[in-house]
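Read-outs: derived from the displayed coordinates by stated rules, not from any lab. The model shown is predicted, which means the values in this text are computed figures rather than measured ones. Positions of Cβ are generated from backbone atoms using ideal geometry, with glycine treated the same way; all protein chains shown enter the neighbour counts.
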């Protein structure tokens, strides 16, 4: 039995951030009901596809859910929406606040009829600030949160985006975590409540974990930016025949590496003596490491580094991952045969419960479960009336 079995989540989210959060909750066992407009979630048409409205991005963030179509522009659909929300443990949306009251689903309206509900709002910005109500997408938040600027500083180039939709996915994980915290509170205290997860504030928090740096100390004239992460030499290092990722971190790592490779001069250099010294001289430390690694082959270095227990690995491209021996050994990638699209391969749930990885189920076709869900609600209403 998965931890969230018996928990119903009504998901009124579009594209990636919200759907990724609710897919994680579905992997934990929740019954996630995805509400879609007649044309479907925008991600249904984003990416490659074999079947109409089943594009790759949609398949990536909607596994294990059920889909119901409701036209919220049609007032006749709203009673069903409200009854669906009333049946839920959690309601998650990424609708801008201005539209909620008109739809009858503001937090006050909904919690009045279901006080045990957890009402989660995933927005671009906190509603109390001047940006409240503005739209936001991953690229915009990467820029606003400092990530794009930091990427440019590291590569000594113009600001640029991290090559993944990192804001959408990171905030999706944060949202799932916050919803779970609210579920725990409700189970202990018997009441629901609201959860607000703004993208901008969430990604500023994420970015500044290490990059707050000197500004952590408010009365000092020290700068932001974690030097090790920003050092231009902090990157996969070139070897004689390829590239390698190496992370000597402790004092012992560095001394064993430098002494073991005949660089006693560097081992005795005060700039390598401690974490504090290496942080102060990051450019020199990483440049010296890069020059050292360029002298031998990748395989030779991997053997050497493993023998002295310095963390290291060769580079994987995304195309390499499906044949990675570790991922194959743990049964990570999972395949589903669909009668229309054929064999599909999905990344597995990374989290194991009681040693078991949950098995992914197909993302839903548009409106696939509408009749089934309406029948469930009808039966529930009839039981309540009796």
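Numbers at a glance
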| item | result |
| --- | --- |
| Gap separating the Cα centres of the stretch 29-94 and the stretch 133-188, nearest whole Å | 23 |
| The chain: antiparallel DSSP beta bridges as a percent of all, rounded to 5 | 35 |
| Ranked 91, 346, criterion: other C-beta atoms within 10 Å, fewest first | 346, 91 |
| Near-label residues of the stretch 252-272 by backbone N, under 16 Å of a point 7 Å along Cα→Cβ of residue 233 | 254-255, 257-259, 263-272 |
| Per-peptide average of other Cβ atoms within 10 Å, ordering 188-194, 254-260 highest first | 254-260, 188-194 |
| For the chain, calculated [θ]222 nm from helices alone, where every DSSP H run of n ≥ 4 adds -39500 (n - 2.57) | -12000 deg cm²/dmol |
| Choice from 154, 326, 93 with maximal GNM fluctuation in the chain (Cα, 10 Å cutoff) | 326 |
| Pairwise label distance in nanometres, residue 328 with residue 185, each label 7 Å out on the Cα-Cβ vector | 4.7 |
